[in-house]
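Student: Right, I'll just put the structure down here and ask away after.
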Amino acid sequence: MRSLRSGLLTSLLAGVVTAGSLLVAAPVSHAADTPLRGLAEAKGKVMGTAVTGSKLTGTYGEIAAREFNWLTPGNAMKWGSVEPSRGTYNWAEADRIVDFAETHGQQVRGHTLLWHQQNPGWLTNGSWTKDRLSTVVQDHIATEVGRYKGRVAAWDVVNEPFDEDGTYRPTLFRTTLGQDYIAQALTWARAADPGAKLYINDYNVEGVNAKSTALYDLVKSLKERGVPIDGVGLQAHLIVGQVPSTLRQNIQRFADLGVDVAITELDIRMQLPATQAKLTQQAADYRAVLNACVAVARCTGVTVWGFTDSDSWIPDTFPGQGAATPYDENYQPKPAYHAIAEALGGTTTPPPTGACTAVYSVTSQWSSGYTGQVRIACSGASLSSWKVNWTFGAGQRITQAWNANCTQSGAAVSCANAPYNGSVPDGGSVTFGFNGSWSGSNPVPVVALG
Ligand code: 9MR
């Protein structure tokens, strides 16, 4: 009984102190005064994000609901997700996202009906005649669009139909059904939900180039033929410092054809680690993309491909690269977030120009002793030596320290760097640890970095 009680007490205390670990020095930047969706709505624009349905709770769900007025399922509506075996459907994650959107007054971008990736094996491995594949594709579009009729505001009907040189990508659909598969898909989608906006979506079509010109020519001819096409999606998977200079001009030329333009999958990747200089450039790049869209009336708005670096496809696909989204992995808004807010007319507290911080935390605790650590991290600043001071509030005593020279006098503790870890570079961190004794309670002290 006693050991159970003290065990419980210990874990309770450990929970409290862990949650209470303290951040000192300059605070991490905080969110805009008005959430992005409010700013976007005031401008009549979409501010969207791709989401993963299973993550829509906790902090992830709160930010997705608070900051965005459109959601795109990152994977949940792709053919391979919704019909893994022929005739057997799995709508669970897609439904969850659509329900979440409706609960939070958001619109949904359906993504995507025809693509050469993430298709079910039965489709890609099948041997198809033109007629049989045509029936299957029509049925797929009718089933999926029909299921969400009136609930999905826009569909990426065809995704990534072009190769880089502007020729048609030789997908199963293109090679079996012929070039007009795109017009047919749009027509079938229109029949299934006349109220949904129908898009063709592609990447590397943000600036004026061979691929975007092929897309332009296609949309022009579809419009001339009276095929239902409402918009083009420019994915915008960009690299820091490389926003195409012709982005606005390109948006405008599509708008001039009489279609809407949406930035559908914006992210801006960098080589890791993310330094203050790279994050500043990234913020300028996000701002440039937002500005280009805001400048053209028919640009409906911008969707980011994941709002947090913890939910981004980049690190898996481009090893060593990442930090591509507006929030870091701990859901802290980055300079890019503030740039988006400002481009949408918001005012934000300027992001800190740079700081080093020290965080004290208890890593384990038992009946009378504990192990703690202090992590010193720099972003936009650096240190060549450091000292961390604090005053214990409940009689704790340091018994042993490593990776720092610590002294304690009464309740006052002072820890200075060891000879080998005084330097903390911009974007880097050092950690030192200690064992200590406690009784009664073990509150986290206020830590000062000097
Ligand atoms: O974000 C998606 C990732 O989780 C998938 O593994 C990947 C599979 O190819 O697809 C990603 O989303 C893509 C989107 O559907 C179409 N444009 C490119 C996106 C990034 O690959």
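Student: Where both partners of a DSSP beta bridge lie in the chain, what percent of those bridges are antiparallel, to the nearest 5?
Tutor: Given both bridge residues lie in the chain, the antiparallel proportion sits at roughly 55 percent.
Student: Among the trypsin sites (Lys or Arg not before Pro) within segment 44-86, which fall in a DSSP loop and have no more than 10 other Cβ atoms within 10 Å of their own Cβ?
Tutor: Here no trypsin sites (Lys or Arg not before Pro) fit, given the DSSP loop and packing criteria.
Student: Projecting each Cα onto the charge dipole of the chain (Lys/Arg +1, Asp/Glu -1 at the beta carbon, about the Cα centre), which of P419, G322, P333 comes out farthest on the positive side?
Tutor: Positive-end residue among those listed: P419.
Student: Using only C-alpha positions, report the orientation-averaged shadow area of the convex hull of segment 174-301, nm², one decimal. Can you show the working numbers first?
Tutor: Values: hull surface 36.1 nm².
Seen from a random direction, the Cα hull of segment 174-301 projects 9.0 nm² on average.
Student: In addition: With both bridge residues required to lie in segment 214-355, what share of the DSSP beta bridges run antiparallel, to the nearest 5%? Before the final figure, lay out the partial values.
Tutor: On the way: 3 of 15 bridges.
Given both bridge residues lie in segment 214-355, the antiparallel proportion sits at roughly 20 percent.
Student: Give me the mean projected area, in nm² to one decimal, of the convex hull enclosing the Cα positions of the chain.
Tutor: Numbers: hull surface 102.3 nm².
Here the figure is 25.6 nm², rounded to one decimal.
Student: Could you count how many Lys pairs in the chain have their Cα atoms under 19 Å apart, skipping same-chain pairs fewer than 8 positions apart?
Tutor: 10
Student: Further question on the same structure: Express in whole angstrom the spacing between the alpha-carbon centres of segment 309-375 and segment 115-162.
Tutor: Using only Cα atoms to place each centre, the spacing works out to 39 Å.
Student: Using only the Cα atoms of segment 34-139, build the gyration tensor, take square roots of its eigenvalues as a ≥ b ≥ c, and label the shape rounded, prolate or oblate: rounded if a/c is under 1.5, else prolate if a/b is larger than b/c, else oblate.
Tutor: Details: a/c = 3.38, a/b = 2.26, b/c = 1.50.
Cα axes put segment 34-139 in the prolate bin.
Student: On each of the three principal axes of the Cα atoms of segment 315-450, give max minus min coordinate, whole Å, ordered largest first.
Tutor: The principal-axis extents, from largest down, are 53, 33, 31 Å.
Student: Continuing with the same structure: Can you give the helix-only mean residue ellipticity at 222 nm for the chain, where every DSSP H stretch with n ≥ 4 adds -39500 (n - 2.57) and the sum goes over all residues, rounded to the nearest 500 deg cm²/dmol?
Tutor: Theoretical 222 nm ellipticity from helices: -10000 deg cm²/dmol.
Student: Which whole-percent values make up P(r) of segment 376-450 when all C-alpha to C-alpha distances are grouped in 5 Å steps starting at zero?
Tutor: Cα pair-distance distribution for segment 376-450, in percent: 3, 16, 25, 23, 16, 10, 5, 1.
Student: Keeping all protein chains in place and using 1.4 angstrom, which order do W122, W402 fall into by accessible surface area, from largest down?
Tutor: My answer, sorted largest first, is W402, W122.
Student: I've got another one for you. Springs between alpha-carbon pairs under 10 angstrom, Gaussian network model over the chain: which of T175, T72, T308 fluctuates most?
Tutor: In the Gaussian network model the winner is T175.
Student: For D260, list long-range residues whose amide hydrogen, built 1.01 Å from N in the peptide plane, is under 5 Å from its own amide hydrogen.
Tutor: Long-range HN contacts for D260: G231, V232.
Student: Still on this model: So for segment 195-267, what percent of the C-alpha to C-alpha distances run longer than 22 Å?
Tutor: Roughly 17 percent, rounded to a whole number.
Student: By its C-alpha gyration tensor, with a ≥ b ≥ c as the square roots of the eigenvalues, how is segment 126-184 shaped: rounded for a/c under 1.5, else prolate for a/b larger than b/c, else oblate?
Tutor: Verdict is oblate for segment 126-184.
Student: Label segment 113-228 by shape, choosing from rounded, prolate and oblate, from the square roots a ≥ b ≥ c of the eigenvalues of the Cα gyration tensor; if a/c is under 1.5 it is rounded, and otherwise prolate applies when a/b is larger than b/c, oblate when it is not.
Tutor: Oblate.
Student: Then there is this: Sort Y168, Y327, Y420 by heavy-atom solvent-accessible area, probe 1.4 angstrom, most to least.
Tutor: Ranking Y168, Y327, Y420 by accessible area, largest first, yields Y420, Y168, Y327.
Student: Next question. Past the 16 angstrom mark, what percentage of all C-alpha to C-alpha distances in segment 43-85 do you count?
Tutor: 45 percent
The values are calculated or read from the model by the stated rules, or taken from the named source; none is laboratory data. The structure displayed is predicted, hence computed values, not measured ones. Neighbour counts run over all protein chains shown; Cβ positions are idealised from the backbone, glycine included. Only protein heavy atoms, including side chains, enter the accessible area calculation; ligands, DNA and RNA are left aside. Shrake-Rupley method; radii C 1.70, N 1.55, O 1.52, S 1.80 Å.
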